[in-house]
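The values are calculated or read from the model by the stated rules, or taken from the named source; none is laboratory data. Given the structure is predicted, the values throughout are model-derived calculations rather than measurements. As a convention, Cβ positions derive from the backbone with ideal geometry for all residues, glycine included, and neighbour counts pool all protein chains shown.
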Amino acid sequence: MTASLAASDPAGANGLLAIIGGSGLYDLPGLTDTAWVTVDTPWGAPSDQVFTGTLASAAGPVRLAFLPRHGRGHRLPPSALNYRANIAALKQLGATDVLSLSAVGGLRADLPPGTFVVVDQFIDRTFAREKSFFDTGCVAHVSMAQPVCPRLGDHLQAALAGLAIPHQRGGTYLVMEGPQFSTLAESQLYRSWNCDVIGMTNMPEAKLAREAELCYASVAMVTDFDCWHPHHDDVTVEAIIGVLLRNADAARTMVARAAGPVAHDPAGAACACRRALDHALITAPAARDAALVQKLKSVAGRVL
């Protein structure tokens with residue numbers, strides 16, 4: 001069954017706020033009208049059902065959707081995620097804004113475990129993933145010069161500052177294929193590129209969100225220093241799990257604080273992210289593959 005909340009969503013000027021992250025993030029105090037929703041997409045099944053609910057905020061009610069990126073129980077490795085289905089599922093549910101939360105390694109001494117980075121750039125080093133909804137028969141090229149939504153970044157920074165959560169606004173996220181971690185030589189190379197954090201999941205997620213004309217922002221939560229750090233080998237699994245749990249608590253608080261301002265932001269409707277396809281389609285209408293166009297309507301119907 002394909003579910004849609006778009007037509008019945010009364011909450012928020014900008015529609016549905018979607019969160020992609022760990023499976024515990026949906027445990028927000030005060031979340032009501034909750035349900036697990038099954039979504040079918042033309043690109044297959046997403047990582048899991050989507051958990052939906054309504055959150056009260058000072059600005060008004062907010063309709064939220066939470067997608068466990070790796071599935072409940074963390075079943076799926078980064079390279080096996082169906083990124084296209086994940087983004088398509090959120091778009092089909094009526095999402096207009098997507099907040100990506102991910103655990104990362106720190107590549108700088110001044111970004112210790114427990115620091116949140118509101119990412120503004122990526123370097124994509126993945127190679128085994130489907131990275132576009134478009135294909136032979138309907139070609140499109142979207143701009144990724146500014147890969148995240150600065151408007152969402154402003155709201156997230158304000159929430160983090162208001163909660164006194166250690167954070168940095170701006171930073172480059174190196175996305176590696178995984179599932180293995182970096183070699184020492186790789187870690188030192190990425191530091192020489194002035195990368196701030198390293199992880200395995202935000203690409204092609206950010207590219208697909210742009211193709212689907214979704215406002216997308218990423219908060220990278222540092223759990224440990226990458227292997228470049230001289231004391232990296234001294235870190236225990238228990239210490240990393242402790243940081244993960246503290247980060248998850250802080251992330252839930254951040255989401256609860258930012259949800260209202262994001263969902264009721266009057267500037268959202270005019271955000272450039274939501275018109276990313278205005279000049280992206282290259283294939284002439286007469287030359288477009290009809291079957292592919294039909295698939296694309298779920299994410300790019302505005303221009304098709």
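So that you can scan it fast, the table gives a plain yes or no per residue for (1) at pLDDT below 95; (2) among the β-branched types (Val, Ile, Thr):
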| site | (1), (2) |
| --- | --- |
| 29 | yes, no |
| 46 | no, no |
| 57 | yes, no |
| 64 | no, no |
| 82 | no, no |
| 99 | no, no |
| 104 | no, yes |
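Applying the selection to the range 111-135, what residues are acidic (Asp, Glu) and either within 15 Å of residue 173 (Cα to Cα) or surrounded by 22 or more Cβ atoms within 10 Å (Cβ to Cβ) (or both)? The answer is 120, 124. Checked against (1) surrounded by 18 or more Cβ atoms within 10 Å (Cβ to Cβ); (2) touching a strand residue (DSSP E or B) at 6+ places or on another chain (Cβ under 6 Å), residue 232 passes all but a single condition, namely (1). Apart from one condition, residue 279 fits all of (1) in a helix (DSSP H, G or I); (2) free of Cβ contacts under 8 Å to residues at least 60 places away in the same chain; the exception is (1).
Quick check on residue 207: is it among the basic types (Lys, Arg), surrounded by fewer than 19 Cβ atoms within 10 Å (Cβ to Cβ), farther than 23 Å from residue 243 by Cα and in contact (Cβ under 8 Å) with a residue 60 or more places away in the chain? In short, no. The residue pairs whose first member lies in the range 61-79 and is at positive phi, whose second member is of a type in the set (Gly, Ala, Ser), and whose beta carbons are closer than 9 Å, counting only pairs six or more residues apart or on different chains, are 71/23; 71/47; 73/23; 74/22; 74/23. Tallying residues that are part of a strand (DSSP E or B), surrounded by 19 or more Cβ atoms within 10 Å (Cβ to Cβ) and within 18 Å of the chain's Cα centre (by Cα) within the range 136-170 yields 2.
For every residue, the table says whether it meets (1) more than 21 Å from the chain's Cα centre (by Cα); (2) surrounded by fewer than 15 Cβ atoms within 10 Å (Cβ to Cβ); (3) at pLDDT 95 or above.
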site: 226; (1), (2), (3): yes, no, no
site: 237; (1), (2), (3): yes, yes, no
site: 241; (1), (2), (3): yes, yes, no
site: 245; (1), (2), (3): no, yes, no
site: 285; (1), (2), (3): yes, yes, yes
site: 297; (1), (2), (3): yes, yes, yes
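Only one entry in 243, 255, 235 is within 16 Å of residue 107 (Cα to Cα) and β-branched (Val, Ile, Thr), namely 235. Per this entry, residue 15 is counted among residues that are touching a strand residue (DSSP E or B) at 6+ places or on another chain (Cβ under 9 Å), within 20 Å of residue 148 (Cβ to Cβ) and at pLDDT below 95.
Can you pull out the residues in the range 189-214 that are in contact with a Pro (Cβ under 8 Å, 6 or more places away or on another chain) and in a loop (DSSP other than H, G, I, E, B)? Result: 200, 201.
Scan the range 215-266 residue by residue and report those that are closer than 23 Å to residue 172 by Cβ, assigned to a helix (DSSP H, G or I) and of a type outside the set (A, V, I, L, M, F, W, C). Correct list: 232, 247. Within the range 171-198, restricting attention to residues that are exposed (fewer than 13 other Cβ atoms within 10 Å of the Cβ) and touching a residue at least 24 places away in the same chain (Cβ under 8 Å), the residue that is farthest from the chain's Cα centre (by Cα) is 184. One residue is enough: does the range 36-58 have a residue meeting the conditions under 18 Å from residue 217 (Cβ atoms) and of a type outside the set (Ser, Thr, Tyr)? Yes, the range 36-58 has at least one match.
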